[in-house]
1. Report, by residue number, each residue of the range 223-253 that is of a type in the set (A, V, I, L, M) and surrounded by 14 or more Cβ atoms within 10 Å (Cβ to Cβ).
2. Does the range 62-88 hold any residues that are closer than 21 Å to Ala98 by Cα and modelled with pLDDT under 90, and which are they?
3. In this structure, is Phe249 under 23 Å from Ile48 (Cβ atoms) and in contact (Cβ under 8 Å) with a residue 60 or more places away in the chain?
4. Given (1) modelled with pLDDT of 95 or more; (2) part of a loop (DSSP other than H, G, I, E, B); (3) polar (S, T, N, Q), identify the lone condition not met by Thr194.
5. Hey, can you tell me all the residues within the range 208-221 that are under 22 Å from Gly241 (Cβ atoms) and crowded, with 18+ Cβ neighbours inside 10 Å?
6. Among the numbered conditions (1) within 17 Å of Ala106 (Cα to Cα); (2) surrounded by 17 or more Cβ atoms within 10 Å (Cβ to Cβ), tell me where Asn264 comes up short.
7. Check off (1) in contact (Cβ under 8 Å) with a residue 24 or more places away in the chain; (2) closer than 21 Å to Ala105 by Cβ for Asp214 and give me the number that stays unchecked.
8. Can you pull out the residues in the range 165-189 that are closer than 20 Å to Gly270 by Cβ and surrounded by fewer than 19 Cβ atoms within 10 Å (Cβ to Cβ)?
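The values are calculated or read from the model by the stated rules, or taken from the named source; none is laboratory data. These numbers were taken from a predicted model, which means no experiment stands behind them. Note: ideal-geometry Cβ built from the backbone for every residue, glycine included; neighbour counts use all protein chains shown.
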Amino acid sequence: MDQQTTDPNAKKTPQNAAAPAAPKQSSGLAIAGLVLGIIAAVTSFLPIINNLSFFIALIGGILAIISLVGAIRGKHTAKGLSIAGVVLAVVSIIIVLATQSAYSAAFNKATEGSKPVATSSSSEASASSSSASASSSSEAPKKEEKTEKPAKDYSNLAVGETVTLDNGLSVTVNSVQPDITSYGDKKIVGVNVTYKNDGKDSQSFNPYDWKGEDANGAQRSTTFYMDATDELNSGKLSAGGSVTGNIYFEEGTVKVLYYSNMFNDDAAAGWKL
């Protein structure tokens, strides 16, 4: 009977040895959630646009949470990316809610004092007071009757005239520079304006509070001018402060309108150019 010879140096391979585990992949959901969270965080400070940022953050957060659950169950190794996506989504939503609340409060405050008020001259005031005293001495005491004067029309002011809002902010169109040649030989109109804050609270100024109107009544926002100098930017004006700057409109603008706030539907004043 033949004996089976075996090589003592031969390696023994277990028949039931498990195959090496495949390396775990990172999660596409985690990456997508992180990218959406970054986009939402960057745009969460911007007015109007941050309405969309809220939904971007919400979608990114959901994707990141799903990815995080998968990472906890060991399906992939993107646990860190998932957590970062969730954090960015939550922070973005908080910023959106906070900034929208602040913008809403600022808007309500601005619209409260955005109507122009007419001021009477000292001679008119003294005349009215003398006539009031004369009538009171000649007639029996009567209940004081208040008569409202018709509001002054601020829709067709001349260049150089000033309108004063009831919040103390005065706005003036100082001068007009027509036929400015922009890029591509495009003609535009330059308008120099001044804000002065005679009120007690700080007031905002913004070039987007202005619109230009052509002869057909079409209104358009300010236009871009590459070589602009002393251009009016947005900002805050403290009590007693003033700022002057240039804004630009398309060729054919015959009138500029000041809305006191970009969200207002009616202009507070208008100047014929």
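1. We begin by selecting, within the range 223-253, every residue of a type in the set (A, V, I, L, M); these are 226, 228, 232, 237, 239, 243, 247.
Scanning the range 223-253 gives Ala228, Leu232, Leu237, Val243, Ile247.
2. Gly85
3. Numbers: under 23 Å from Ile48 (Cβ atoms): yes; in contact (Cβ under 8 Å) with a residue 60 or more places away in the chain: yes.
Spelling it out, Phe249 is indeed under 23 Å from Ile48 (Cβ atoms) and in contact (Cβ under 8 Å) with a residue 60 or more places away in the chain.
4. With (1) modelled with pLDDT of 95 or more; (2) part of a loop (DSSP other than H, G, I, E, B); (3) polar (S, T, N, Q) applied to Thr194, the lone miss is (2).
5. As a first pass, look at the range 208-221 and keep what is under 22 Å from Gly241 (Cβ atoms): 208-210.
The answer is Asp209, Trp210.
6. Asn264 satisfies every listed condition except (2).
7. (2)
8. Hits for the range 165-189 are Asp166, Ser170, Asn174, Ser175, Val176, Gln177, Pro178.
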